[in-house]
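Q: I'd like to ask some things about the structure below.
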Amino acid sequence: MTVDPGTSAPVPLDAELQLAYDAYLAEEPELAPMSPALLPRIRAEVDAEVAALTDLSHGGRFIVAEPSVPGLDGAPEVPLLVCTPAGAPAARPALYFIHGGGFFCNDHRLGLDQLLETAERFGATLVSVGYRLAPEHPYPAQIDDAYAGLRWVAGHANALGIDPERIVVTGYSAGGGLGAALALTVRDKGGPRLLGQLLMSPMLDDRNDSASAMQMDAIEFWDRSYNGFGWSSLLGDLRGETEVPQYAAPARATDLTGLPPAFLDVGSAECLRDEVLAYAGRIWQAGGRAELHVWPGGIHAFDREVPEARISKAAVAARHDWLQRLLATD
C-alpha cells in the first residue's frame with residue numbers, strides 16, 4: 001500500500017525521543033539525504049570508532065575470541081567476535097548477532113553494549129558476525145557470510161561451550177533483515193536449527209514504498225533516502241523488480257511456514273513500521289509464532305540512540321521477557 005505523503009501527517013515522536021532529536025538537530029540542522037558522496041564520511045566515522053576500541057572484554061567480564069572462519073563455497077573468510085560471560089556454564093545458549101548499517105556500513109565489533117548485557121543476563125555467548133558490505137559486495141555476499149558463520153558456530157559448539165540447539169539469531173535494521181533471511185535460508189537449504197529469531201526494526205522490503213515509508217520520509221534519521229540507498233547498494237538494478245530473492249528481502253517470501261518463533265519490534269514513527277507489521281501478520285497467517293511490539297512514537301533504533309528513555313527501557317525489557325520464555329520452554 002502506498003500513500004501520498006501530503007495527505008498523511010507524521011506520527012508524533014515520544015516526548016523523550018523528541019527532546020533528544022531536537023538536541024541533535026540543533027547541532028545538525030539539515031539532515032542531508034543519503035548519497036554515494038556521504039558514504040566515505042560515514043565509513044570513516046565507523047573506522048574511527050573501531051580504532052578507539054580498547055577493551056572488548058569490558059573489564060574482564062567476557063572471554064573474547066576473534067576467529068576468522070571459512071566463507072561459503074570458497075568466499076573470503078568471515079570474521080567473528082565471540083564473547084562469553086566469565087564463569088558462564090557450558091552448554092549455554094548463543095545469541096548470533098548480525099549488525100545493522102543499511103548493508104553499506106558499520107562493523108561487527110561496534111554497538112554491542114546492550115547485547116552484551118543481554119548475554120550476561122542469560123549466561124549466553126554472543127557471536128557477532130562481520131559480513132561483507134555493499135555496494136562493493138552485493139547480494140548474496142551478506143547472507144552467505146551470515147550463513148557460513150552460523151554453520152561454523154554450530155559445528156564448533158562443543159569447543160565454544162554452547163548448545164547448538166539453543167542458538168537465537170538476532171539483528172538490528174539491516175541485520176534484522178539478514179536474521180529473517182537466515183531463518184529462511186536454514187529452513188530451505190539445511191543447517192543449524194535456530195531456536196528463535198529476534199528482529200529489531202528489521203529491513204525486510206526492498207520496495208521502500210509502504211505507507212509508513214512515505215509518511216515518515218525526511219522526519220527522522222533513517223528515512224526513505226537512507227533505506228533506499230541501502231537496498232540499492234545491496235541489489236543494484238534488481239531493487240524493486242519482481243525477481244528479488246527472498247533471501248535478499250524476506251518480505252518477498254511467499255511461504256513463511258516452518259520458521260522458528262519470531263520477536264519483531266519497530267517504532268510507530270519510523271519508515272520501516274508497516275513492512276514489519278506485514279511480516280508479523282504473514283507469519284501468523286502461515287500458522288507460525290510471532291510476537292510483535294510497535295513502540296508508540298519510536299524512531300529507528302531509538303533504544304540505541306536514547307537508551308535512558310522510558311520507552312527504550314521498556315523495549316529492552318520486552319525482548320528479555322521473550323527470550324526468557326523462549327529459553328525456558330525449549
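Q: Give me the percent relative contact order of the chain, please, defined on Cα pairs under 8 angstrom at least 6 residues apart. Walk me through the numbers before you get to the answer.
A: Working: 640 pairs, mean separation 61.9, N = 330.
Worked out over the chain, it gives 19 percent.
Q: Calculate, in nm to one decimal, what Arg304 and Glu27 gain on full extension: separation in residues at 0.36 nm each, minus their alpha carbon distance. If you can, show how the numbers build up before the last one.
A: On the way: separation 277, 0.36 × 277 = 99.72 nm, distance 1.90 nm.
Gain on stretching Arg304 to Glu27: 97.8 nm.
Q: Can you give the local net charge around Val50? Use residues other than it whose beta-carbon is closer than 14 angstrom to its beta-carbon, Lys and Arg +1, Asp and Glu -1. Intermediate values should be presented prior to the final figure.
A: On the way: positive: Arg43, Arg109; negative: Glu45, Asp47, Glu49, Asp55, Glu66, Asp107.
Here the charged neighbours net out to -4.
Q: Would you pull out the residues with amide H under 5 Å of Ala290's amide H, same chain only if 5 or more places away, H placed 1.01 Å from N?
A: Ala262
Q: Can you order the peptides 194-205, 145-156 by their average number of other Cβ atoms within 10 Å per residue, highest first? Each step should come with its number before you reach the end.
A: Working: 194-205: 26.7, 145-156: 22.2.
Order by mean packing, descending: 194-205, 145-156.
Q: What ranking do 238-251, 89-102 get when scored by the average of other Cβ atoms within 10 Å per residue, highest first?
A: On the way: 238-251: 17.5, 89-102: 21.6.
Output ranking for 238-251, 89-102: 89-102, 238-251.
Q: Let me ask something else about it. Take the alpha carbon gyration tensor of the chain, find the square roots of its eigenvalues, order them as a ≥ b ≥ c, and report rounded if a/c is under 1.5; if not, report prolate when a/b exceeds b/c, else oblate. Walk me through the numbers before you get to the answer.
A: Values: a/c = 1.38, a/b = 1.29, b/c = 1.07.
Rounded, since a/c falls under 1.5.
Q: Taking 8 Å as the Cα distance limit and 6 or more residues as the minimum spacing, I'd like the relative contact order of the range 203-283 as a percentage. Present the calculation step by step, with values, prior to reporting the outcome.
A: Values: 76 pairs, mean separation 36.3, N = 81.
Relative contact order for the range 203-283 comes out at 45 percent.
Q: Same structure again: Charges at C-beta only: +1 for Lys and Arg, -1 for Asp and Glu. How large is the resulting dipole of the chain about its Cα centre, in Debye rounded to 20?
A: Numbers: 24 positive and 44 negative charges, 239 e Å.
I would put it at about 1140 debye.
Q: On to the next question. Given the -39500 (n - 2.57) contribution per DSSP H run of 4+ residues, what per-residue ellipticity at 222 nm results for the chain, rounded to the nearest 500 deg cm²/dmol?
A: Numbers: 11 runs with 125 residues, N = 330.
Calculated mean residue ellipticity at 222 nm is -11500 deg cm²/dmol.
Q: The range 259-292 to the range 127-195: how many Å between their Cα centroids?
A: Value for the Cα centre distance between the two parts: 20 Å.
Q: Kindly put Lys313, Lys189 in sequence by how many other C-beta atoms sit within 10 Å of each C-beta, fewest to most. Mind showing how you got there, number by number?
A: Values: Lys313 12, Lys189 9.
Going from least to most buried by this count: Lys189, Lys313.
Q: How many nm is it between the label spots at Val46 and Val294, if each spot is 7 Å from the Cα in line with the beta carbon?
A: With each label point 7 Å from Cα toward Cβ, the separation is 3.1 nm.
Q: Also, I was wondering about something else. When a footprinting reagent is the concern and you count Cβ atoms within 10 Å, what order do Phe221, Phe103 take, fewest first?
A: The order, fewest Cβ neighbours first, is Phe221, Phe103.
Q: Rounded to the nearest 0.05, what FRET efficiency do Asp73 and Ala314 give with R0 = 56 Å and r taken as the Cβ-Cβ distance? Could you check?
A: Numbers: r = 43 Å, r/R0 = 0.76.
Efficiency computed from Cβ-Cβ geometry: 0.85.
Q: Would you order His58, His300 from fewest to most other beta-carbon atoms within 10 Å of each residue's own beta-carbon?
A: Details: His58 16, His300 26.
Arranged by neighbour count, lowest to highest, His58, His300 become His58, His300.
Q: Still on this structure, please answer the following. Taking 25 Å as R0, compute the FRET efficiency from the Cβ-Cβ separation of Ala211 and Leu38 and round it to 0.05.
A: Working: r = 27 Å, r/R0 = 1.07.
Calculated value: 0.40.
Q: While we're here: Going highest first, how would you order 35-43, 69-77 by mean Cβ packing within 10 Å? Write down the numbers at each step before the final one.
A: Numbers: 35-43: 12.2, 69-77: 13.9.
Sorting 35-43, 69-77 by mean packing, highest first, produces 69-77, 35-43.
Each value in this text was obtained by applying a stated rule to the coordinates, not by laboratory testing. Predicted, not measured: the structure shown is a model, and the values here were computed from it. When we count neighbours, we look across all protein chains shown, and the Cβ atoms used for this are built from the backbone with ideal geometry, even at glycine.
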